[in-house]
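Let me begin by presenting the structure, written as structure tokens, before commenting on it.
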Amino acid sequence: MTSAVTTDTSARPGYGQLLRTPGALGFLLPGFAARQPFAMLIIGIVLLVQHTTGSYGDAGIVATVTGVSMALFAPQMGKLVDRRGQSAVLVPVVFAHAAAIGALTTLALLGAPMWALALAAVPAGASVPQVGPMVRARWAAKLEGSPLLPTAAAFESVTDELTFVVGPVLATFLCTTIHPSAGLIAEASLTLLGGLLFAAQRGTQPKPAPRLASGEKHTSALSIPGLRVLVIAFVGIGAVFGGMLISLAAFSNEIGNPGANGLLYGVFAGGNMIAGIACGTIAWKIGPRRRLILGYVGLTAAASVLWAANSAILLGALGLVVGLCIAPALITGYTMIEQLVPASSRTEAFTALTGAVALGQAAAVTVAGRLTDAYGSAAGFLVPMAATALALVVLLSLRGKLAPKAPSRIVSSSSDAGSPSAGASGAGSPSAAPSNTSASNTASSTRPPAAPNRVNERGIGHRVPVTVD
């Protein structure tokens, strides 16, 4: 018998093929509307509270409480979605979020003390509907094992970045031209409308997994070491978003052009979106773990020079580079969920990563806000540098925890004869097998188990996916 190990050399499927996936547009369009408010929430809180208190630091505290609350409750919401189904959880959550935002906005406009605003921020963050992770879970359910899955991860990153281009600019425009509370009012309205439309798309949602076989327990996504490492990495990415949010606003005020804030942040987010589009079209030759580390090294290096920018043009160029470096790390981290986490816990895993981004963003808003109030925008830009550097140290130290099940390879054989047991053991051609049945059985019983993932038990002559690191 002769055999060969080959890889699929066909071109990577593109976005056009992805969007032709049956039922995809039905959940993508309302999903985009429902996730848009996520990018408006923190900036809306910062602009409203800064207007009513006069302090970026105080605004950062309220934003941090919101982000921490979201980070703590998002995985629990994801776990509930995995058990009960997306629509069953999403409908009450969007109503709760709209009510919580209404209460926070009212308290801020009435000049309530900081403790009251911080208290109101808890339900506002806890009730943020995790639509982005739900969309990713739908892709994972429809494309499990498909070469389109990395393309879907890239597409989702592009969609996220489009929301981070549109959302902050829209919130800033509403808050500065209509009323300081207009950004949060629009956020709550879009959440309610978009969330209900998305929840109505029941045909494409993953089936809930409320019960397992007797004696089995659900695996919590956060119990998986690899996911916890990704959470740390995503906290660092969130810190880049938060640090840029505050520091770009402060820099724009320092140069006497507050309107430049939206443009500079749009360039930063646009770089991320461009890189995301490119990532979805590349047929990668290196594994996801190495891509994540290399992407994070680039992100850390780019974030480390932001503080030195002394002009809007230079800062815009550096922000573009930072944005270009975020997408490879972000996309790869989301892609690795399929390899690290069981299907029954993937929504929880996706929400954990989204919550980690929100936590990093909110914490960076607080720290950068304090530093900016005291020392100016250059000090605020130190936050992305420090956060990504610390996360990179963790990522490098614990990279062994990220070992995936591995990409597929194809095993083929020129022989179309032979028994499954021969194929599984890789013992050679059927003609080489012992003719004595009892001797063959004895040898089979004493032979060490075949190495896993070498050849599938379906037998010789099949195209069998085999996982290798």
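Where does segment 16-91 land on Rg/Rh, using Cα atoms and the Kirkwood Rh? With Rg and the Kirkwood Rh in hand, the quotient comes to 1.13.
Please name which of Cys325, Thr372, Ile282 has its Cα lying farthest along the dipole of segment 225-381 towards the positive end, using unit charges on Cβ (Lys, Arg +1; Asp, Glu -1) and the Cα centre as origin. Among Cys325, Thr372, Ile282, the one farthest towards the positive end of the dipole of segment 225-381 is Ile282. Give the distance, in whole Å, between the Cα centre of segment 48-75 and the Cα centre of segment 79-120. If we compute the Cα centre of each part, the gap is 13 Å.
Once the cut-off is 25 Å, how many percent of the Cα-Cα pairs in segment 1-138 end up in the long-distance tail? Summing the P(r) of segment 1-138 above 25 Å gives 42 percent of all pairs. The residues of segment 208-331 expose, per residue, 41 Å² of accessible area to a 1.4 Å probe. Entry comment: accessible area of segment 66-144 is 35 Å² per residue, from protein heavy atoms only and a probe of 1.4 Å.
Measuring nothing but protein heavy atoms, the accessible surface of segment 64-158 at 1.4 Å probe radius is 74 percent carbon and sulfur.
Relative protection proxy for 252-264, 287-299, 62-74, from highest mean packing down: 62-74, 287-299, 252-264 (other beta-carbon atoms within 10 angstrom). Once you have a ≥ b ≥ c as the square roots of the Cα gyration tensor eigenvalues for segment 104-183, tell me rounded if a/c is under 1.5, and otherwise prolate or oblate according to whether a/b is larger than b/c. Since a/c reaches 1.5 but b/c is at least a/b, the shape of segment 104-183 is classed as oblate. Using only the Cα atoms of segment 282-322, build the gyration tensor, take square roots of its eigenvalues as a ≥ b ≥ c, and label the shape rounded, prolate or oblate: rounded if a/c is under 1.5, else prolate if a/b is larger than b/c, else oblate. The shape class here is oblate. Leaving out ligands, DNA and RNA, what percent of the accessible area of segment 308-395 is carbon and sulfur, probe 1.4 Å? It is 75 percent, rounded to a whole number.
Solvent-accessible surface of segment 10-64, taken per residue with a 1.4 Å probe and all protein chains present: 35 Å².
When each of the peptides 237-250, 16-29, 381-394, 125-138 is scored by how many other beta carbons lie within 10 Å of its residues on average, the order from highest to lowest is 237-250, 125-138, 381-394, 16-29.
For segment 276-387, what class follows from the C-alpha gyration tensor (a ≥ b ≥ c being the square roots of its eigenvalues): rounded when a/c is under 1.5, otherwise prolate if a/b is larger than b/c, else oblate? Oblate is the answer for segment 276-387, as a/c is 1.5 or above yet b/c matches or exceeds a/b.
The values are calculated or read from the model by the stated rules, or taken from the named source; none is laboratory data. Note that the structure is predicted; figures quoted are calculated from it, not measured. Ideal geometry is used to build each Cβ from the backbone, glycine not excepted, and the neighbour counts take in all protein chains shown. Surface areas here come from the heavy atoms of the whole protein model, side chains and all, with no ligands, DNA or RNA. Shrake-Rupley method; radii C 1.70, N 1.55, O 1.52, S 1.80 Å.
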